[in-house]
Amino acid sequence: MINLVLFGPPGAGKGTQATFLAKEYQLIHLSTGDILREEIAENTEIGQITRDIICRGELVPDEIVIELIRHKLDKNPTANGFLFDGFPRTVPQAEALDTLLVHYGRSVSAMLSLEVEKEELINRLMNRGTTSGRSDDSNRLVIENRIEVYNQKTAPLIHYYQSAGKYEAINGIGSIDDITRRLKSCIESLPKNRKSR
Ligand code: AMP
């Protein structure tokens with residue numbers, strides 16, 4: 001059993017890599033961004049509350065995303081493991097994830113952090129905006145705000161997972177295949193005791 005946090009700033013390539021890794025290791029892929037976009041598309045109450053926050057590139061309140069994740073964990077009690085993509089994004093979310101996983105007899109095996117510099121992130125997101133249909137991808141000011149929010153609220157998680165001995169830095173520059181190879185080699189070299197729950 002293995003539970004991975006795929007981490008990195010917006011545009012680091014988390015979504016693309018998460019799809020490969022979830023398939024390769026038979027993990028349930030939980031992307032809070034995707035879940036929130038579904039809520040918006042279905043015009044649910046959560047969708048209505050979060051739509052404007054996401055458009056501005058701000059973070060949705062912790063209680064909302066934690067509840068969404070709790071619900072998914074509840075629905076998949078026998079999963080081989082989970083791949084968290086875009087979650088946690090704040091220290092309280094990381095603490096809540098640890099508590100939730102203990103409840104299910106699991107723990108985070110590793111935080112895989114895709115490292116990409118700011119100018120490259122902006123270029124990638126502006127490019128993605130031409131095809132993704134995501135309003136938060138096409139506006140440079142919103143993109144810069146998302147990176148700023150990442151630096152202020154999300155980057156402190158590096159220290160959180162470093163202190164727990166679970167932080168793994170991965171060079172996020174190169175071809176998609178190169179980055180997948182780096183991630184797989186990191187996962188396969190994780191010590192057995194970190195993969196067991
Ligand atoms: P993403 O697809 O991961 O880039 O997420 C798109 C947007 O959804 C983010 O810019 C946030 O507004 C919101 N979001 C996604 N995941 C979270 C999270 N874990 N905490 C707070 N907001 C989130």
Subject >> Translational diffusion coefficient (Stokes-Einstein; Kirkwood radius from C-alpha pairs) of region 118-172 at 25 °C, 0.890 mPa s, in µm²/s >> reply: 194
Original post:
Could you give the accessible area per residue of region 27-177, probe 1.4 Å, as a whole number in Å²?
Top reply: 50
Original post:
What part of the accessible area of the chain, given as a whole %, is carbon or sulfur when the probe is 1.4 angstrom?
Top reply: 50
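Are there any GluC sites (Glu not before Pro) in region 72-143 that are in a DSSP loop and have at most 13 other Cβ atoms within 10 Å? List them by number.
Glu117
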Subject >> Gain on full stretching of the segment that runs from His103 to Lys192 - 0.36 nm per residue minus C-alpha separation >> reply: 29.9 nm
**OP:** Evaluate the charge dipole of region 57-154 about its Cα centre and quote only its size in Debye, nearest 20, assuming +1 on the Cβ of each Lys and Arg and -1 on the Cβ of each Asp and Glu.
**Re:** 300
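Find out how many positive minus negative residues lie around Leu59, taking Lys and Arg as positive, Asp and Glu as negative, among other residues whose Cβ is under 11 Å from that of Leu59.
Spelling it out: positives minus negatives among the neighbours equals +2.
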Subject >> For region 1-34 versus region 65-102, the gap between their alpha-carbon centres in whole angstrom >> reply: 13
Subject >> Projected area, mean over directions - region 92-197, Cα convex hull, nm² >> reply: 8.1
Original post:
Per the Debye formula with a single identical scatterer at each Cα and no solvent contribution, what log10 I(q)/I(0) holds for region 1-112 at q = 0.16, 0.18 Å⁻¹?
Top reply: -0.72, -0.92
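Once you have the Cα-Cα distance between Ala41 and Arg70, take 0.36 nm times their residue separation minus that, and quote the gain in nm to one decimal.
Extra length available between Ala41 and Arg70 comes to 8.3 nm.
For a 24 Å ceiling on Cα separation, which of these pairs sit above it: Lys118/Lys195; Lys23/Lys192; Lys72/Lys195?
In this structure, Lys118/Lys195 exceed 24 Å between Cα atoms.
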**OP:** Calculate the radius of gyration of the Cα atoms of the chain to one decimal place, then report Dmax, the largest Cα-Cα distance, as a whole number, both in Å.
**Re:** 16.0, 44
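The values are calculated or read from the model by the stated rules, or taken from the named source; none is laboratory data. Only a predicted model underlies this, so the values are computations on that prediction, with no experimental measurement involved. Backbone-built Cβ (ideal geometry, glycine too); neighbour counts: all protein chains shown. Please note that ligands, DNA and RNA were not included when accessible areas were found on the heavy atoms of the full protein model with its side chains. Shrake-Rupley method; radii C 1.70, N 1.55, O 1.52, S 1.80 Å.
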